[in-house]
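To keep things clear, I will list the structure first and then write my remarks on it.
The values are calculated or read from the model by the stated rules, or taken from the named source; none is laboratory data. Just so it is clear, the model here is predicted, and its values are computed rather than measured. Heads up, the Cβs are rebuilt from the backbone with ideal geometry, glycines too, and the neighbour counts pull from every protein chain shown. When the accessible area is computed, the model is the full protein with side chains, heavy atoms only, and any ligands, DNA or RNA have been set aside. Shrake-Rupley method; radii C 1.70, N 1.55, O 1.52, S 1.80 Å.
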Amino acid sequence: MEYVYLGLAVVAIIALLWVLRRASDSSKANTAASVRERIGLEEAEGAPRRKRRREIEAEQQRAAEEAQRREEEARAKKAKPKKKEVEEEEEEEEVEAAKPEAEEAAEEAADAEAKAAFKEGLTKTRGGFVARLGKLFGRKKFDPAQLDQLEEVLISADIGPRTADRIFQAVKKGLSKNELESSDQIWKQIRKTSREILAVETPPLALDKKPFVLLVLGVNGAGKTTTIGKLAKKWTDEGKKVLLAAGDTFRAAATEQLEVWGDRAKVPVVKGKPKGDPSSVVFEAVKRGVDEGFDVVICDTAGRLQTDQGLMDELKKIRRVCDKALPGAPHETWMVLDATTGQNAISQANKFKADLEVTGIILTKLDGSSKGGVVLGICDQLKLPVRFVGVGEKIGDLRPFDSAAFLEALYADASVGEAA
């Protein structure tokens with residue numbers, strides 16, 4: 001029994017010692033933690049985390065500064081190109097600046113050439129009604145009582161009564177009493193009105209059409225076939241591929257004459273049988289122009305009087321077959337007029353215009369007539385643009401119409417002209 005009590009006492013002592021040991025370890029741990037907090041050891045453990053945060057913020061700051069630096073460099077490059085780029089830009093600017101000067105010089109040379117050609121071609125006209133005007137207004141001071149003489153001179157100028165009256169009324173009603181006493185003022189008014197008459201709307205030629213089809217009309221003797229040959233040579237020299245259609249199958253030797261011009265201009269000619277159907281020749285030419293890639297097809301037609309209804313109907317048929325061969329063709333229909341016929345040329349054009357869609361006028365033999373003023377009548381009454389004028393027999397004497405050069409040549413030296 002004593003041994004039992006002794007064993008229990010031992011067990012109790014051991015249990016007590018274990019409990020005391022556990023309490024002692026817990027107290028030491030709490031004390032150590034308290035001490036670490038008091039001496040700042042806990043801050044030392046959190047410091048690495050705060051240090052990492054500061055490093056991240058510093059890296060972000062450096063990245064922002066680097067991005068700003070790159071942006072400033074890019075702006076500086078854009079605002080200040082490299083020396084080579086600046087030199088290239090300056091060189092381009094110099095070239096661009098020189099272009100208008102070169103173009104202006106070329107235009108001035110062309111204008112001077114045109115003025116000289118028109119002045120020579122209008123010599124006889126200046127010796128006619130323009131010289132009479134010069135004689136009438138030869139003195140600085142003009143007597144308004146002589147205005148009736150101005151009307152007489154204008155009517156005799158073959159510019160047509162309507163156009164003559166327009167110029168006369170512009171002087172009579174457009175100037176004050178004092179201005180009517182000044183020859184200079186009267187001349188200015190005549191020039192101004194003439195310029196207004198010639199200001200007919202002139203659309204650019206549709207030479208971008210491929211092929212551009214031109215139908216040429218005119219009475220026999222006006223110079224139609226010769227004009228076609230000169231046009232062919234002009235456009236060939238400009239690098240265009242031109243084809244001619246010998247649509248005048250009525251006049252003897254008309255086809256042979258066109259072939260001669262074709263040889264001169266080095267262009268092919270489509271021809272048919274004598275007295276054959278001209279519309280079939282034109283149709284074949286336009287189709288060939290389309291198939292073989294020609295730039296221009298010029299169609300000759302039989303010379304006719306405006307009173308020949310049968311031949312006028314044939315022209316309408318030719319227009320229809322042109323459109324059949326190439327929708328929209330012909331793109332232009334020009335009438336060739338002889339300047340030496342004066343007002344009769346206006347009468348011819350009026351009739352053709354009434355029956356057909358005439359879009360332009362070519363005036364020939366201007367150099368051989370004193371009736372060059374008919375250009376004013378044509379523009380005033382027909383409201384058609386004058387496309388070309390013939391001022392000589394050479395190929396280069398068929399010139400594009402320049403209204404400014406024409407007027408300057410028409411009224412040049414008028415005050416010292418001799419009466420016809």
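Taking 0.36 nm per residue of separation and subtracting the Cα-Cα distance, full extension of the segment from Lys188 to Glu55 would add 38.8 nm.
Report in % the part of the accessible area of the range 317-397 that belongs to carbon and sulfur, leaving out ligands and nucleic acids; probe 1.4 Å. Don't skip to the end; give the middle numbers.
Numbers: 1270 of 2800 Å².
Solvent-exposed carbon and sulfur of the range 317-397 make up 45 percent of the total.
For the peptides 255-264, 8-17, the ranking by packing is 255-264, 8-17, with the highest mean count of neighbouring Cβ atoms within 10 Å listed first.
Of Lys209/Lys287; Lys224/Lys316; Lys230/Lys317; Lys241/Lys316; Lys241/Lys394, which ones are farther than 20 Å apart at the Cα? With Cα atoms farther than 20 Å apart: Lys230/Lys317; Lys241/Lys316; Lys241/Lys394.
Highest average first, the peptides 312-319, 157-164, 146-153 ordered by how many other beta carbon atoms sit within 10 Å of their residues are 157-164, 312-319, 146-153. Remark: for residue pairs Lys172/Lys365; Lys188/Lys383; Lys119/Lys188; Lys173/Lys351; Lys141/Lys371; Lys275/Lys365, the C-alpha separation exceeds 31 Å in Lys172/Lys365; Lys173/Lys351. Counting Lys and Arg as +1 and Asp and Glu as -1 over every other residue whose Cβ lies under 11 Å from the Cβ of Thr236, the net charge comes to +4.
Rank-order 368-380, 349-361 by packing density, defined as the average count of other C-beta atoms within 10 Å over each peptide's residues, highest first.
Details: 368-380: 24.8, 349-361: 17.2.
Top of the packing list down: 368-380, 349-361.
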